[in-house]
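I have a structure I would like to understand better, so I am pasting it below and will then ask my questions one at a time.
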Amino acid sequence: MKNFKEKTAVIIFSLFFIFGCSEFQDNPHEAINLDSGEFGKLIEKDSELYNTLQKTTSKKTLQEGETPPCVEFIYPLSLKVYDSNQNPIGIKYILSDIEFSKILDNLSTDQSLSISYPISTTLADNTVYSVNNNTELSIALKNCTREDIIAYCNGLISPPLDRPLDYYWKVTYSQTIENTYLSGRFLINSDGTLVFYFNNQEYNGNWFFLFVDDKLHINIKLDGQSETAKYWSIDGAVEMNGTNITIKIADKNIKLQLIYETKNNYKIGDTGPAKGIIFYDKGKYSFGWRYIEVSKNDLKDSEWGCAGSAISTARNPEIGSGYFNTAQIINYHDLLANYYTNPAVCNSINNGSLLAKDVILFNQDIYDDWFLPSYGELELIYKNLYLNNLGNFTDSNYWSSTEADQNSAFTISFKTGEKITTPKIPEKNSTKARAVRYF
């Protein structure tokens, strides 16, 4: 970043929400690309972050004997101002602390602001820190050196010592970035060790944060010489944004999201946290989950997948395999050249719809971590819910994520309970599906 100050459109800004991990919430407004970068989430005038900004830019902080925040701004700086309805009403280009302070002082109570990323900031120890969002800037404000930032991030990514199994980091789906290990989950320990759970297998390893030039990196190394271990021998720049982490590597970006062990107890038939219906309790929390819930309604009618193409990694029937199967189905079709708009690359009789894709993008009551049940999980839905008149199911065939062969997948007739091998392209509206999720 030695040439950073020479770039006219790059900015500096600092702020941080001091929340518990479970209290981070995404602003519904999308980021906006403009000039040098991407505008971040809105900063309300009555927030702690806004007050910290005022201290950073105002001379009163020093005059009144208060300790100023760690960060020193590098100008020019660009701010976008929003009205009470969160509509943008203008952009301010700022050249000094004095200008910045005046804008903050004169902002009306019903207005808010946002800032353009990426940026760099100078810490109190005169080192430079590259920042990509409000959360990372906030970290810089409250932590004056690289060592402070590493210590802070260590505490953020690993659970408290008195609750070592309370939360995990799961690999989440993205339509634009790497999804090879979608459905995998990390248990990251504060002593630098970790366990990666994938396809009901455990992989041990270690991790640590470090700075490379001006960027925060995470280094992960799994034990052994398996393909999974080789894949996760990585060192990549990290973007931290609330309960989400993106690891940025040259040929792949990986997105992780924080998940928690539920503190509530459920029984079969109860309403789950995502307003689904509980159909399975394995008795203890492990691999990042204990319960499975099923969505309240059937999904739209779509094809199971590419006819005549085998996805042998999606043939797992066991309980706990549904998410993995679904991920394998999606990855296979995502890697085909434009399958969704040109399904003939697979088979001329396919129409480009994909049930697994529908379910991975499904959202119910803000939860977006749904997938297709494995055959064993679908069987539990039939036995524990349908046979007890729970869940508003029909007397139809229901899909599982378990492939039978290159042309078919397993379904269950909810009318008879029979296990059926159903063509991946069945008659229209003849086979139903429900989404499920672990928690």
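What do you reckon, is L372 touching a residue at least 12 places away in the same chain (Cβ under 8 Å), under 16 Å from S302 (Cα atoms) and touching a strand residue (DSSP E or B) at 6+ places or on another chain (Cβ under 9 Å)?
Numbers: touching a residue at least 12 places away in the same chain (Cβ under 8 Å): yes; under 16 Å from S302 (Cα atoms): yes; touching a strand residue (DSSP E or B) at 6+ places or on another chain (Cβ under 9 Å): yes.
So L372 fits the description; yes.
Sticking with this one: Are any residues in segment 420-439 crowded, with 16+ Cβ neighbours inside 10 Å and either under 31 Å from the mean Cα position of the chain (by Cα) or among the basic types (K, R) (or both), and if so, which ones?
K424, T431, K432, A433, R434, A435, V436, R437, Y438, F439
Can I ask one more? Do we find that W399 is closer than 30 Å to W169 by Cα, in contact with a helix residue (DSSP H, G or I) (Cβ under 8 Å, 6 or more places away or on another chain), assigned to a loop (DSSP other than H, G, I, E, B) and open to solvent by less than 60 Å² (accessible area, probe 1.4 Å) in this structure?
Values: closer than 30 Å to W169 by Cα: yes; in contact with a helix residue (DSSP H, G or I) (Cβ under 8 Å, 6 or more places away or on another chain): yes; assigned to a loop (DSSP other than H, G, I, E, B): no; open to solvent by less than 60 Å² (accessible area, probe 1.4 Å): yes.
Considered against the rule, which asks whether it is closer than 30 Å to W169 by Cα, in contact with a helix residue (DSSP H, G or I) (Cβ under 8 Å, 6 or more places away or on another chain), assigned to a loop (DSSP other than H, G, I, E, B) and open to solvent by less than 60 Å² (accessible area, probe 1.4 Å), W399 comes out as no.
Taking segment 207-239 on its own, how many of its residues are out of contact with any Lys or Arg (no Cβ under 6 Å at 6 or more places or on another chain) and assigned to a strand (DSSP E or B)? Steps first, please.
First, pick out the residues of segment 207-239 that are out of contact with any Lys or Arg (no Cβ under 6 Å at 6 or more places or on another chain): 207-210, 212-232, 234-235, 238-239.
So of that shortlist, the ones also assigned to a strand (DSSP E or B) come out as 207-210, 212, 215-222, 234-235, 238-239.
Number satisfying all stated conditions: 17.
Restricting attention to segment 256-309, report how many residues are of a type outside the set (S, T, Y) and outside any loop (DSSP other than H, G, I, E, B). Lay out the reasoning, then the answer.
Pass one, segment 256-309, residues of a type outside the set (S, T, Y): 256-259, 261, 263-265, 267-270, 272-279, 281-284, 287-290, 292-294, 296-301, 303-308.
Retained after the next criterion (residues that are outside any loop (DSSP other than H, G, I, E, B)): 256-259, 277-279, 281-284, 289-290, 292-294.
Result for segment 256-309: 16.
Here are some conditions: (1) more than 23 Å from C346 (Cβ to Cβ); (2) in a loop (DSSP other than H, G, I, E, B); (3) of a type outside the set (F, W, Y). E427 meets all but one. Which one does it not meet?
Checking E427 against (1) more than 23 Å from C346 (Cβ to Cβ); (2) in a loop (DSSP other than H, G, I, E, B); (3) of a type outside the set (F, W, Y), the one that fails is (1).
Has segment 382-398 got at least one residue that is more than 19 Å from K275 (Cα to Cα), among the β-branched types (V, I, T) and in contact (Cβ under 8 Å) with a residue 12 or more places away in the chain? Write out each step before concluding.
Step one: of segment 382-398, the residues more than 19 Å from K275 (Cα to Cα) are 383, 387, 394-398.
Still in the list and also among the β-branched types (V, I, T): 394.
Adding the requirement that they be in contact (Cβ under 8 Å) with a residue 12 or more places away in the chain leaves 394.
Yes - at least one qualifying residue is present in segment 382-398.
Does I420 count as at pLDDT 95 or above, closer than 18 Å to D358 by Cα and not polar (S, T, N, Q)?
Working: at pLDDT 95 or above: yes; closer than 18 Å to D358 by Cα: no; not polar (S, T, N, Q): yes.
Spelling it out, it is not the case that I420 is at pLDDT 95 or above, closer than 18 Å to D358 by Cα and not polar (S, T, N, Q).
In this structure, is I254 closer than 27 Å to D125 by Cβ, touching a residue at least 40 places away in the same chain (Cβ under 8 Å), touching a strand residue (DSSP E or B) at 6+ places or on another chain (Cβ under 8 Å) and open to solvent by less than 10 Å² (accessible area, probe 1.4 Å)? Spell out how you get there, then give the answer.
Working: closer than 27 Å to D125 by Cβ: no; touching a residue at least 40 places away in the same chain (Cβ under 8 Å): yes; touching a strand residue (DSSP E or B) at 6+ places or on another chain (Cβ under 8 Å): yes; open to solvent by less than 10 Å² (accessible area, probe 1.4 Å): yes.
Considered against the rule, which asks whether it is closer than 27 Å to D125 by Cβ, touching a residue at least 40 places away in the same chain (Cβ under 8 Å), touching a strand residue (DSSP E or B) at 6+ places or on another chain (Cβ under 8 Å) and open to solvent by less than 10 Å² (accessible area, probe 1.4 Å), I254 comes out as no.
Quick grid of which residues meet (1) under 27 Å from N297 (Cα atoms); (2) at pLDDT 90 or above; (3) not aliphatic (A, V, I, L, M):
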| position | (1), (2), (3) |
| --- | --- |
| I245 | no, yes, no |
| D251 | no, no, yes |
| K255 | no, yes, yes |
| T262 | yes, no, yes |
| Y266 | yes, yes, yes |
| D270 | yes, yes, yes |
| P273 | yes, yes, yes |
| F279 | yes, yes, yes |
| K282 | yes, yes, yes |
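Yes or no, residue by residue, for (1) at pLDDT below 95; (2) in contact with a helix residue (DSSP H, G or I) (Cβ under 6 Å, 6 or more places away or on another chain); (3) of a type outside the set (S, T, Y); (4) not in a helix (DSSP H, G or I):
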{"site": "Q328", "(1), (2), (3), (4)": "no, yes, yes, no"}
{"site": "N331", "(1), (2), (3), (4)": "no, no, yes, no"}
{"site": "Y339", "(1), (2), (3), (4)": "no, yes, no, yes"}
{"site": "D358", "(1), (2), (3), (4)": "no, no, yes, no"}
{"site": "G376", "(1), (2), (3), (4)": "no, no, yes, no"}
{"site": "E379", "(1), (2), (3), (4)": "no, no, yes, no"}
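For the subset of segment 240-254 comprising residues that are in a loop (DSSP other than H, G, I, E, B) and of a type outside the set (A, V, I, L, M), which member is farthest from A140 (Cα to Cα)?
Taking segment 240-254 as the starting set, the residues that turn out to be in a loop (DSSP other than H, G, I, E, B) are 242-243, 250-251.
From what is left, the residues that are of a type outside the set (A, V, I, L, M) are 242-243, 251.
Numbers: G242: 14, T243: 17, D251: 28 Å.
Among residues in segment 240-254 that are in a loop (DSSP other than H, G, I, E, B) and of a type outside the set (A, V, I, L, M), the one farthest from A140 (Cα to Cα) is D251.
Follow-up. Considering only segment 144-165, state which residues are more than 25 Å from the chain's Cα centre (by Cα) and either at pLDDT below 85 or within 20 Å of R185 (Cβ to Cβ) (or both). So that I can check it myself, show each step before the final result.
Residues of segment 144-165 more than 25 Å from the chain's Cα centre (by Cα): 144-148, 162.
Residues satisfying the conditions are C144, D162.
The values are calculated or read from the model by the stated rules, or taken from the named source; none is laboratory data. All values reported here derive from a predicted model rather than from experimental measurement. So basically every Cβ, Gly included, is an ideal-geometry build from the backbone, and we count neighbours across all protein chains shown. In case anyone asks, the SASA skips ligands and DNA or RNA and just uses the protein heavy atoms, side chains included. Shrake-Rupley method; radii C 1.70, N 1.55, O 1.52, S 1.80 Å.
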